[in-house]
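Below: one structure, written as structure tokens.
Where a number appears in this text, it was derived from the coordinates with a stated rule and is not lab data. Computed from a predicted model, the values in this text were never measured in an experiment. Here the Cβ positions follow ideal geometry from the backbone for every residue, glycine too, while neighbour counts run over all protein chains shown.
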Amino acid sequence: MNQYDKAMSAAEQQCAQSGSRLTEKRKHILSGLLKSEKALSAYELVDFCKNEYNESIPAMSVYRILDFLQSERLVHKLSTANKYVACSHITCKHEHEVPQFLICSECQHVEEIGISKSLIETLQKNAKKVGFELVSPQLEINAICHTCLDKT
Ligand SMILES: [Zn+2]
Ligand SMILES: [Zn+2]
Ligand SMILES: [Zn+2]
């Protein structure tokens, strides 16, 4: 089984475990994100479904499906870009860490990495000092990937 098939069957199991179902449409949206190197917007996913599956899903439904996939922890939202990525730990059994995202400013390639609890706590503490509460401890960092770096 390749990585894509593994992720799909793990996603189906995950949904079954929580008493929901990975329907055809939900599968198609997830597959768009799994196949993409970049984060995708809801509208890019509408286009993907049209091109790949000849299926018209209204943007509103795509948003609803994305909410569902997020609640199943299969997908993450990048709030700064308002785009979505497939979780890179769908097939993992370990506990999911607070996700941190590196986003290449050249090619928009996204990598998900974990970050330690103590780092988040420091962040929270420092935010508190200046009168802020973190709404989401998820970090989205502007970076440059090695492929792009090699090109310059
Ligand atoms: Zn993840
Ligand atoms: Zn993992
Ligand atoms: Zn890059």
Handout entry: Pick from region 110-152, criterion away from ligand 3 (no atom under 16 Å from the Cβ), among the aliphatic types (A, V, I, L, M) and not in a helix (DSSP H, G or I), ranking: farthest from the chain's Cα centre (by Cα)
Key = Val130
Practice task
Quick one: in region 69-109, of everything that is surrounded by fewer than 17 Cβ atoms within 10 Å (Cβ to Cβ) and among the acidic types (Asp, Glu), which residue is farthest from ligand 3 (Cβ to nearest atom)?
Solution key: Glu95
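Can you tell me which residue is nearest to Cys87 (Cα to Cα) among those in region 1-56 that are of a type in the set (A, V, I, L, M) and part of a loop (DSSP other than H, G, I, E, B)?
Filtering region 1-56 down to residues of a type in the set (A, V, I, L, M) leaves 1, 7-8, 10-11, 16, 22, 29-30, 33-34, 39-40, 42, 45-46.
Those still in the list that are part of a loop (DSSP other than H, G, I, E, B) too: 1, 22, 39.
On the way: Met1: 19, Leu22: 16, Ala39: 11 Å.
Result: Ala39.
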Problem - Residue pairs meeting the criteria (Cβ under 8 Å; at least 6 apart or on separate chains; first in contact (Cβ under 8 Å) with a residue 60 or more places away in the chain and crowded, with 16+ Cβ neighbours inside 10 Å, in region 137-149; second outside any strand (DSSP E or B) and not aliphatic (A, V, I, L, M)) - result: Gln138/Ser79; Glu140/Ser79; Glu140/Thr80
